[in-house]
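Chemist: Okay, here's the structure, questions in a sec.
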Amino acid sequence: MAGEAAEAGALVLFSGGQDSATCLAWALDRFPHVETLGFDYGQRHRVELDRREALRRGVTALDPGWRRRLGEDHTLSLAALGAISDTALTRDSAIAFARDGLPNTFVPGRNLAFLTFAAALAYRRGLRHIVGGMCETDFSGYPDCRDDTIKALQVALNLGMERRFVLHTPLMWIDKAQTWALAEALGGRPLVDLIVEESHTCYLGERGERHDWGYGCGTCPACDLRAKGFARYLAARAD
């Protein structure tokens, strides 16, 4: 793409999880051209990357307009990030809280690296908008999910690349129940069903057991957050 059409295009950080799938639908609903980007950093739950293609196919089947707008998919290897990280997401270790109060699932620098590489790719692809699923409401205390962090990084990226990127975080101020509701507002129950069936959130990478909210171990923090959010979403729909 080139010119104004490309400038209006978006790049979505697309892991294959619930949040990024919702963000993909959000972007497809707003921008004329949308590309996706996934990162392989040696994550313990790498199975999430395997879900991306099914989710992309699924969203294009829901809406002809979305099918026309969805462009290329990209995957970047950030093996160095996994190599320097001693966390429960990059090592086979129990999930717990560190002395500083942060869960040991926090991968230092992850979102900073993701957004920096996303901006570099967007620069090459001529895309102005970058969409991520960072959330300060259900964020486990991760400092790189905070709104202040994202805003500061947007300034740094624009200064460092002489561009006017816009970092969008549509989930920043909503919880998991509201994220499920947003998916329904964007694509109806078919989108919710697609996210339940095809996305992956479980930190342990478990896809053996199917729950009403999707696949996962059912006990890790990511599964717990997703399950409780889905229950609140269903309860709100029933009212």
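The values are calculated or read from the model by the stated rules, or taken from the named source; none is laboratory data. Quick caveat: nothing in here was measured; it's all calculated off a predicted structure. No Cβ is skipped: glycine too gets one built from the backbone with ideal geometry, and neighbour counts run over all protein chains shown.
Chemist: Considering (1) within 14 Å of the chain's Cα centre (by Cα); (2) modelled with pLDDT under 95, say which one Leu13 fails and leave the rest.
Modeler: So the condition that Leu13 fails would be (2).
Chemist: Evaluate the following for Lys176: is it among the charged types (D, E, K, R) and under 14 Å from the mean Cα position of the chain (by Cα)?
Modeler: Details: among the charged types (D, E, K, R): yes; under 14 Å from the mean Cα position of the chain (by Cα): yes.
In short, yes.
Chemist: Hey, another quick one. Could you say whether any residue in the stretch 210-224 is surrounded by fewer than 20 Cβ atoms within 10 Å (Cβ to Cβ), out of contact with any strand residue (DSSP E or B) (no Cβ under 9 Å at 6 or more places or on another chain), at pLDDT below 95 and part of a helix (DSSP H, G or I)?
Modeler: Scanning the stretch 210-224, I find at least one residue that is surrounded by fewer than 20 Cβ atoms within 10 Å (Cβ to Cβ), out of contact with any strand residue (DSSP E or B) (no Cβ under 9 Å at 6 or more places or on another chain), at pLDDT below 95 and part of a helix (DSSP H, G or I), so the answer is yes.
Chemist: Every residue in the stretch 135-189 that is part of a helix (DSSP H, G or I), aliphatic (A, V, I, L, M) and surrounded by 18 or more Cβ atoms within 10 Å (Cβ to Cβ), please.
Modeler: Hits for the stretch 135-189 are Ile150, Leu153, Leu157, Ala177, Ala181, Leu182, Ala183, Leu186.
Chemist: Among Pro221, Pro190, which is touching a residue at least 40 places away in the same chain (Cβ under 8 Å) and in contact with a Pro (Cβ under 7 Å, 6 or more places away or on another chain)?
Modeler: Exactly one of Pro221, Pro190 is touching a residue at least 40 places away in the same chain (Cβ under 8 Å) and in contact with a Pro (Cβ under 7 Å, 6 or more places away or on another chain), namely Pro221.
Chemist: Is it the case that the stretch 86-105 has a residue that's surrounded by 16 or more Cβ atoms within 10 Å (Cβ to Cβ) and at pLDDT 70 or above?
Modeler: Residues of the stretch 86-105 surrounded by 16 or more Cβ atoms within 10 Å (Cβ to Cβ): 87-90, 95, 103-105.
The next check asks that each one be at pLDDT 70 or above; those that pass are none.
No, that holds for no residue.
Chemist: Let me ask something else. Kindly indicate whether Glu206 is in a loop (DSSP other than H, G, I, E, B), of a type in the set (Asp, Glu) and under 23 Å from Arg56 (Cβ atoms).
Modeler: So Glu206 fits the description; yes.
Chemist: Answer with yes or no whether Thr179 is out of contact with any strand residue (DSSP E or B) (no Cβ under 9 Å at 6 or more places or on another chain) and touching a residue at least 60 places away in the same chain (Cβ under 8 Å).
Modeler: In short, yes.
Chemist: Related question: Counting only residues that are hydrophobic (A, V, I, L, M, F, W, C) and either in a helix (DSSP H, G or I) or in contact with an Asp or Glu (Cβ under 6 Å, 6 or more places away or on another chain) (or both), how many does the stretch 16-51 have? Steps first, answer last, please.
Modeler: First pass over the stretch 16-51, keeping only residues hydrophobic (A, V, I, L, M, F, W, C): 21, 23-28, 31, 34, 37, 39, 47, 49.
If we keep only those that are either in a helix (DSSP H, G or I) or in contact with an Asp or Glu (Cβ under 6 Å, 6 or more places away or on another chain) (or both) too, we end up with 21, 23-28, 47, 49.
Of the residues in that region, 9 qualify.
Chemist: Criterion first (among the small types (Gly, Ala, Ser) and either in contact with a strand residue (DSSP E or B) (Cβ under 7 Å, 6 or more places away or on another chain) or at pLDDT 95 or above (or both)) does Gly132 satisfy it?
Modeler: So Gly132 fits the description; yes.
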